[in-house]
């Protein structure tokens, strides 16, 4: 058995770039920053905060959600899976590791005229087998 599951809670680093492919299939790409707080060790050593940048890929309905609602600076909950892909450019093989979103939830203050939607990709397991994403208050950070 193996598991490939990622849960992120962070802030959008740039507005999504959305492209449409054959049969109007949308794909959105954007970055999400997660930050670990800094702290002080018992001996007085300061450990600074550390920000990690994640490349997020959203497809189909999630890409359309990203195009309509997601903007730089917004706080998001994203769950999905890690995917690494490679390509060749100028004779050099390049790699990128991405998080393929399965669920995106907009967090923080809601715009006055718009509900903050929660959208999940089509389930690959039976609907009653899926657990809903945790409430923000239940997260340990």
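Please treat every number below as a calculation from the coordinates, not as lab data. Just so you know, these numbers come straight off a predicted model, no measurement behind them. Positions of Cβ are backbone-derived with ideal geometry, glycine not excepted, and every protein chain shown enters the neighbour counts.
Here are some notes:
- Peptide ranges 57-64, 78-85 listed from the most packed, as the mean C-beta count within 10 angstrom indicates: 57-64, 78-85
- Sorted by Cβ neighbour density within 10 Å, fewest at the top, the residues 21, 30: 21, 30
- For 88, 98, order by how many other beta-carbon atoms lie within 10 Å, fewest first: 88, 98
- When 76, 8 are sorted by how many other C-beta atoms sit within 10 angstrom of their C-beta, beginning with the fewest, the order is 8, 76.
- Pairs of Cα atoms farther than 19 Å apart, the range 1-64, %: 53 percent
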